[in-house]
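The values are calculated or read from the model by the stated rules, or taken from the named source; none is laboratory data. Given the structure is predicted, the values throughout are model-derived calculations rather than measurements. No Cβ is skipped: glycine too gets one built from the backbone with ideal geometry, and neighbour counts run over all protein chains shown.
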Amino acid sequence: MSAVDLARVAELLEAVESDDRSRREAEWLLDGGEFPAGLSADEAMVAIEAARRMALMNHLQLAKQSNDKVVKKASSKAIHVLKTQGHEVPAEPKTGSWTLGSEERTIPEPVGLLGLPQGDGYFPFILVSHNRSGAYVTAGVAGSGQGFQDADHVQVGRSKARQITENARQDHNLVEVPVHIAIHFCERAFDEGGGERPDGWSQMLSSIADGTKNTARLVDPLARQTDTLDASMLSKVDALLEGPHRVVFNLEERISGPAVDSVMEVLGSQISIDDDDKKRRVAAEVIRAVDEAFEGHARKTWILALDVVASIADVAEWQEVRDSARHTSLALRAGRKGSDIPFFRIWTERQLAAVSEMILAVRAGKEMPLQ
């Protein structure tokens, strides 16, 4: 297989990553089934090499049954390489449909939805996979800190699965994405959070094609987005702060509590000579709080959260949200302080101001004389 054009292999893998089914080779890698007939020898070799790199043993076994001698030989060699690397040979290749008498029933495609992250950086997810008897639904919130929270897994009939899927599609905070992207970000969260998977995760994955699972683990959904930080983009944050797709950042209570106390002390101080002095001291408390927030696990959590936002915004064609999220994530990766990143500084200012104003209003109400 040394004669394979590796540049063409890379192009094919990119087509698979973007779920581009316009090429029959990419469709085969994504869906499995019989090896596509009518490909040129070069196209066939590229497809076989891509399947080998994705460790698609089922696909290669089916390709080995081809009448084309080139395909049979190439797939046999690929299977041998995978066996020497420790991959098991399945007893029987899987296909995307099954038969009962003269009736053929097609198993529905799996569905993945990801949502905008919560204030703690954890993002909601829903994955639905189907098999002959029904469907598996796994849902929860995921993030780098603990891996996942509030995860649930159920086995339901197809009609119930359709109902769950349609309801989820109507939630404006959830975006349907290619399934391999949903798996990628969920498993990245699980791995960064310690490696544990939610109950039922492996069962849900068992009904998803090997090609899809391998794509999720081998291909970065953000590979086609910029990896160079443009500092000027950090101030263009309105799309993240406002509107229907806004993302909220909340300080952890261990930081916000003392920060609010400090701000209240400044506002009630008799030492500050004027309002400008109080504003400077409050600004200093904001900087201290937001910088402290990113000295711990929150940095990794929010890098992942913003990568999710950038990915789903790309799918949904929210260009301004995508660009703002991507550059904010790159700023965190570059080690910038929280106070140097407008998105986090502005939300910290808002949070401390809102809580302080509420406390002052409560105090003013208590101090008002009875009428």
Revision key, fill the gap. Within region 310-326, the residues that are out of contact with any Ser or Thr (no Cβ under 8 Å at 6 or more places or on another chain) and closer than 25 Å to Gln146 by Cα are Ser311, Ile312, Ala313, Ala325
Practice item. Filter region 109-135 for residues that are among the hydrophobic types (A, V, I, L, M, F, W, C) and in a loop (DSSP other than H, G, I, E, B) and give the result. Key: Leu116
**Study point:** Subset of region 133-153 (residues that are touching a Ser or Thr at 6+ places or on another chain (Cβ under 9 Å) and not β-branched (Val, Ile, Thr))
**Key:** Ala135, Tyr136, Gly143, Ser144, Gly145, Ala151, Asp152, His153
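Here is a yes/no grid of residues against (1) at pLDDT 95 or above; (2) in a loop (DSSP other than H, G, I, E, B); (3) of a type in the set (A, V, I, L, M):
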position	(1), (2), (3)
Glu295	no, yes, no
Thr301	yes, no, no
Ala313	yes, no, yes
Arg326	yes, no, no
Phe344	yes, no, no
Gln351	no, no, no
Ala364	no, no, yes
Gln371	no, yes, no
Point to revise | Matching residues, region 167-192, being of a type in the set (D, E, K, R), touching a residue at least 40 places away in the same chain (Cβ under 8 Å) and touching a helix residue (DSSP H, G or I) at 6+ places or on another chain (Cβ under 9 Å) | key: Glu176, Arg188, Glu192
Point to revise | Which numbered condition Gly194 misses (of (1) under 25 Å from Ala313 (Cα atoms); (2) at pLDDT below 95) | key: (1)
